[in-house]
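Only one structure is covered here, and it is reproduced in the block below.
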Amino acid sequence: MSQESRFTIVHANDVEKSGPKWSLVRRSLGVESFGLNLVEIPPGEGIPEHDERERDQEEVFYVISGKPTFEIDGERYPVPAGTFVRLDPEPTRRFVNEGDEPARVLVISAPRSSGYEPMGWA
């Protein structure tokens, strides 16, 4: 791990963990303006259903590996590796890994009121 006051570099193997599933990327990098975590979902397991209304979090999920199913308001969507999913705070959501291999999913979140302003070209 390399850390200076202006940047942080951390290998995935060195990221702080919360239990066997969650890699606390945001905390390990010192990110303060948005959430960023990595979850590994073993076959037959998932993430409990929830929404983000209370925290007003817009979330983006990127499936790095595996073939999990994403449930949004009870509707099931297959999301193989390479798939992005974006959600407003209101819908209920959960990941379920019905595949034979672990699914790795990057989770990015921030309150809609965060003040982010996209660059004109992006």
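Bear in mind these aren't lab numbers, they're just calculated from the coordinates by the rules spelled out. Since this is a predicted model, take the numbers as computed values, not measurements. No Cβ is skipped: glycine too gets one built from the backbone with ideal geometry, and neighbour counts run over all protein chains shown.
Taking segment 62-122, how much of its Cα-Cα pair set, in percent, is spaced more than 13 angstrom apart?
When all Cα pairs of segment 62-122 are counted, 66 percent exceed 13 Å.
Direction-averaged shadow area of the convex hull around the Cα atoms of the chain, nm²?
8.8 nm²
What does the helix-only formula give at 222 nm for the chain: each DSSP H stretch with n ≥ 4 adding -39500 (n - 2.57), the total divided by the residues, and the result rounded to the nearest 500 deg cm²/dmol?
Mean residue ellipticity, 222 nm, calculated: -1000 deg cm²/dmol.
Taking R0 as 35 Å, what's the FRET efficiency between His11 and Arg86 from their Cβ-Cβ distance, rounded to 0.05?
0.80
Of the options Val85, Leu29, Val105, report the single residue whose Cα projects farthest towards the positive end of the charge dipole of the chain (beta-carbon charges: Lys, Arg +1; Asp, Glu -1).
So the residue we want is Leu29.
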